[in-house]
1. So which of 213, 204 is over 14 Å from the mean Cα position of the chain (by Cα), open to solvent by 20 Å² or more (accessible area, probe 1.4 Å) and closer than 19 Å to residue 18 by Cβ?
2. Quick test of your reading of the structure: residue 54 fulfils all but one of (1) open to solvent by 10 Å² or more (accessible area, probe 1.4 Å); (2) assigned to a helix (DSSP H, G or I); (3) within 22 Å of residue 167 (Cα to Cα). Name the failing condition by number.
3. Among the candidates 190, 182, 153, single out the residue that is open to solvent by less than 60 Å² (accessible area, probe 1.4 Å) and either under 22 Å from residue 32 (Cβ atoms) or free of Cβ contacts under 8 Å to residues at least 12 places away in the same chain (or both).
4. Would a scan of the stretch 74-81 turn up a residue that is open to solvent by 30 Å² or more (accessible area, probe 1.4 Å) and of a type outside the set (A, V, I, L, M)?
5. I'm trying to understand the selection: among the residues of the stretch 280-299, which are hydrophobic (A, V, I, L, M, F, W, C) and touching a helix residue (DSSP H, G or I) at 6+ places or on another chain (Cβ under 7 Å)?
6. Looking at the stretch 128-148 only, could you name the residues that are within 23 Å of residue 99 (Cβ to Cβ), surrounded by fewer than 20 Cβ atoms within 10 Å (Cβ to Cβ) and modelled with pLDDT under 80?
7. Which of the residues belonging to the stretch 254-299 are buried (at least 17 other Cβ atoms within 10 Å of the Cβ) and under 16 Å from residue 12 (Cα atoms)?
Amino acid sequence: MRSYLLLLAIGLLWGSQFIFMHQAVAELPPIMVAAGRALCGSLILGLLCLFMRLKSEHTPWRTYMLIALMDATMPFIMVAWGQQHVDSATTAVLMGCIPFVTILAAPLFIAGERITKSGLLSVIIGFAGVLTLFWPNLSQGMNAGLMGAIGILFGASCFAIGLLMIKRFAKDHPVVVARNILLCAATQLLIATPFITDLSTLTMPSGQALSAMIVLGSLCTGLVYFLYMVLIQKAGPTFASLSNYLVPLFGVMLGALFLGEQIHPTTGIALALILGSVAMNQWAQQRRMQRESSLCQAS
């Protein structure tokens, strides 16, 4: 029961990030939202590391800077920018594409990984879901909504590649890895902010926008990653990966509930196709793990 409660909490927190992002970018530049999110998340995880007496010992900081660029900096900027033109429901569905982008990129980063027939089929189904989601904009030509959606998809792809880089290069405790990545991302974003945004034209944002940015960093980034690590330790990575099903579902439902966003038929169809591709891939992975386990026991 605790594992299922953790799973629901993770899905809810990650799914709700799109609502808070929508509120934050309404008044703040995307790069400032991204920087504030990374900074708040790194502070929360830094406090957890102090409490748990965890230290960085195995991975050099220059490696963390490279991973942070792909795993946090680029996704945070692109998703925040895209949500200026796209509603939170569409953003949630697009972020559900992360698993099948990971399938495509895994052979490039991890030795022994390959794209299986079931993996390729899941990618095709997922791509059909993305195409369905884009279709209303594609039929009308290029516009801000389509460009925003493409930006979010690019950010999701960067995040997927960043996850693979973590698996290959980062050797510290998972909570330490998350803290260091967010700290590096916050540094990169804060340095870049004056070059991208004219700070002299900024006005004081409302309390709602500031609160949304703080919630994004502390709860939807820092705390949720810690809960994810706890769930992996309690129930294993396969069970924890089920959050991939919940994040877009919660994102779509919360967007409709709190922001009054309409769930168009294409959004529902796209969500079903993308979740179906993730389900197919998870099923194939479980079968492969069972076969490998049976072979090991037989030998």
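1. None of the others qualify; the one that does is 213.
2. Of the numbered conditions (1) open to solvent by 10 Å² or more (accessible area, probe 1.4 Å); (2) assigned to a helix (DSSP H, G or I); (3) within 22 Å of residue 167 (Cα to Cα), the odd one out for residue 54 is (2).
3. One residue alone meets the criteria, 182.
4. As a first pass, look at the stretch 74-81 and keep what is open to solvent by 30 Å² or more (accessible area, probe 1.4 Å): 74, 77-78, 81.
Add one more test, that the residue is of a type outside the set (A, V, I, L, M), and what stays is 81.
Checked against the condition, which is being open to solvent by 30 Å² or more (accessible area, probe 1.4 Å) and of a type outside the set (A, V, I, L, M), the stretch 74-81 yields at least one hit.
5. Of all residues in the stretch 280-299, those hydrophobic (A, V, I, L, M, F, W, C) come to 280, 283-284, 289, 295-296, 298.
Those that are hydrophobic (A, V, I, L, M, F, W, C) and touching a helix residue (DSSP H, G or I) at 6+ places or on another chain (Cβ under 7 Å): 280, 284.
6. Hits for the stretch 128-148 are 131, 134, 135.
7. 254, 255, listed by residue number.
Residue-by-condition table, conditions (1) farther than 24 Å from residue 225 by Cβ; (2) in contact with a strand residue (DSSP E or B) (Cβ under 6 Å, 6 or more places away or on another chain); (3) among the hydrophobic types (A, V, I, L, M, F, W, C):
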site: 245; (1), (2), (3): no, no, no
site: 251; (1), (2), (3): no, no, no
site: 259; (1), (2), (3): yes, no, yes
site: 262; (1), (2), (3): yes, no, no
site: 266; (1), (2), (3): yes, no, no
site: 269; (1), (2), (3): yes, no, yes
site: 275; (1), (2), (3): no, no, yes
site: 278; (1), (2), (3): no, no, yes
site: 283; (1), (2), (3): yes, no, yes
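The values are calculated or read from the model by the stated rules, or taken from the named source; none is laboratory data. Every value quoted in this text rests on a predicted model; they were computed, and no experiment measured them. Ideal geometry is used to build each Cβ from the backbone, glycine not excepted, and the neighbour counts take in all protein chains shown. Note: areas computed on protein heavy atoms with side chains; ligands, DNA, RNA excluded. Shrake-Rupley method; radii C 1.70, N 1.55, O 1.52, S 1.80 Å.
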